[in-house]
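The values are calculated or read from the model by the stated rules, or taken from the named source; none is laboratory data. The shown structure was predicted, so the numbers you read here are calculated from the model rather than taken from an experiment. Here the Cβ positions follow ideal geometry from the backbone for every residue, glycine too, while neighbour counts run over all protein chains shown.
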Amino acid sequence: MDNSLTHPAKQNQLRIIALLALITAAWFAAYNLIQPLADWISYSALHLTKGSHLGDAIAFFLYDVPKILLLLSGMIFLISILRTFFSPERTRALLGGKRQGIGNVLASLLGIVTPFCSCSAVPLFIGFVESGIPLGVTFSFLIAAPTINEVAIVMLFGLFGWKVAGLYILSGLIIAIIAGVLIGRLKLERYVEDFVWQMQSTGGLQEEKLAWTNRIERAWESVKEIVGKVWLYVIAGIAVGAGIHGYVPETALVGIMGKQAWWSVPAAVLLGVPLYSNAAGVIPIVSALMEKGASLGTVLAFMMSVVGLSLPETIILRRVLKPQLITVFIGTVALAIIITGYLFNLVL
Amino acid sequence: MKNIKILGSGCANCKRLEAMARKVVGDLGIEAEFEKVTDYAEIMKYPILSTPGLVINEKLVSAGRIPTEEQIETWLKE
């Protein structure tokens, strides 16, 4: 009776696969057309001179905006597919019974792939410590999850290349591990709000089985959500970046953002705190600044500070952490970011 | 009469989830009372690790994401 081709679920599946193939082909075609099209518009259609300030700035803008938006949609889709295999529930199960050290490393790695929103930081924190996961390991997760941000990874990859994107992931991991181990060593359990310890440990929602079509649908939903949230910042950031690219002279920033200026790393960290969640708008500007002499360590420290030291998350966490622990949390993360910044300035 | 609770402290997704659940309830033409739970001590009485959460008649059916309308429909019919 079950004719597989007329079965509605099967039909739906075929339709999604066909659609996916079509979108992939269109994606690659569009990606390869950006450069010639940007050049054509700027130099032929608008009659701008190659090498002029305005011509370069406009060609840069017309090339980078579609490129970054395409990269964002494509890579967020792939990352979201990967994330459908992980959930906070599974992460908690994987971390259960792990000791300090190995637990911190695992928690930081899981922080990259587990879907996480800072608005869920409190239930997650309570759920983790309630099930017996050490405080330091819980913090490693809570630091890695927002710090190693998928939008930032994609934009660093698109504007700086895979090496810088890799360094960013690596330094995020190091910061989360170091800060988590430090917090664990300090034995700060008494600075967790008392009601947290009085809560009943709960089991967690049973995991549902997902078909590939479900995973694709969910990934598509999160692409719409994430790209819908950041595209305006991307365009604004690239516009400012294009202006800097075209008009600011080379080496203009060596003095204030170069390796020799020792204070540039802490200053970059301070500057990054109020810019929370605007990684999308900040990275194109930073990329243009680097061309003009800012050093990589300083730039990475700034990036980490923008995504990792977030005011909203800190305010949310205040519900479960006493002020002393909040201070230690911010202090260790800031310190770890500054050390990483100097480290990269030193070795690169 | 169904009792529906939306767990989460005012994030954008909580509002979207509530709007969606209200729409499904309207479409199905069933009676339901809605309750927004924003207090963490209350939220944590359910086995939840990430918000928004959807509770139907005291049973947590979804957490950490926005389900599809079809899924909400299935849960409401149970």
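Within segment B:1-17, residues that are farther than 12 Å from A:S120 by Cβ sit with their Cβ atoms under 6 Å from residues that are of a type in the set (D, E, K, R), at 6+ positions apart or across chains, in these pairs: B:M1/B:E31; B:N3/B:E33; B:K5/B:E35; B:I6/B:E18; B:I6/B:K36.
Taking the conditions (1) modelled with pLDDT under 85; (2) surrounded by fewer than 18 Cβ atoms within 10 Å (Cβ to Cβ) in turn, A:E189 satisfies each one other than (1).
Among the residues making up segment B:25-45, those that are more than 7 Å from chain A (Cβ to nearest Cβ) and part of a loop (DSSP other than H, G, I, E, B) are B:G29, B:I30, B:E31, B:T38, B:D39, B:K45. Residues in segment A:302-347 that are over 20 Å from the mean Cα position of the chain (by Cα), free of Cβ contacts under 8 Å to residues at least 60 places away in the same chain and part of a loop (DSSP other than H, G, I, E, B): A:R318 only.
Residues in segment A:34-59 that are surrounded by 12 or more Cβ atoms within 10 Å (Cβ to Cβ) and hydrophobic (A, V, I, L, M, F, W, C): A:I34, A:L37, A:A38, A:W40, A:I41, A:L46, A:L48, A:L54, A:A57, A:I58, A:A59.
Of the residues in segment A:144-161, at least one is within 14 Å of chain B (Cβ to nearest Cβ) and out of contact with any His (no Cβ under 7 Å at 6 or more places or on another chain). Selection of segment B:46-78 for residues being assigned to a helix (DSSP H, G or I), closer than 16 Å to B:N13 by Cα and within 11 Å of chain A (Cβ to nearest Cβ) yields an empty set. Going through (1) under 30 Å from A:L33 (Cα atoms); (2) not basic (K, R); (3) not in a helix (DSSP H, G or I) one by one, A:L167 falls short only on (3).
Residues in segment A:73-108 that are hydrophobic (A, V, I, L, M, F, W, C) and touching a Ser or Thr at 6+ places or on another chain (Cβ under 6 Å) were compared, and the one that is farthest from the other protein chains (Cβ to nearest Cβ) is A:A107. Here the condition is being surrounded by fewer than 19 Cβ atoms within 10 Å (Cβ to Cβ), in a helix (DSSP H, G or I) and within 16 Å of the chain's Cα centre (by Cα); of A:V299, A:V273, it holds for A:V273 alone. Among the residues of segment B:2-18, the one identified as away from every other protein chain (no Cβ under 13 Å) and over 10 Å from the mean Cα position of the chain (by Cα) is B:K2.
For A:F141, the test of being over 13 Å from the mean Cα position of the chain (by Cα), surrounded by 24 or more Cβ atoms within 10 Å (Cβ to Cβ) and away from every other protein chain (no Cβ under 11 Å) is passed.
Taken over segment A:80-104, the criterion of being crowded, with 19+ Cβ neighbours inside 10 Å and either over 18 Å from B:I48 (Cβ atoms) or among the acidic types (D, E) (or both) is satisfied by A:S80, A:R83, A:E89, A:G103, A:N104. As a summary of the residue check, A:F77 satisfies the conditions (1) over 24 Å from A:L321 (Cα atoms); (2) modelled with pLDDT of 90 or more; (3) in contact with a Leu (Cβ under 8 Å, 6 or more places away or on another chain) except for the one numbered (3). One residue alone among A:P249, A:P266, A:P323, A:P312 is farther than 30 Å from A:Y63 by Cβ, out of contact with any strand residue (DSSP E or B) (no Cβ under 7 Å at 6 or more places or on another chain) and at pLDDT below 80, and that residue is A:P312.
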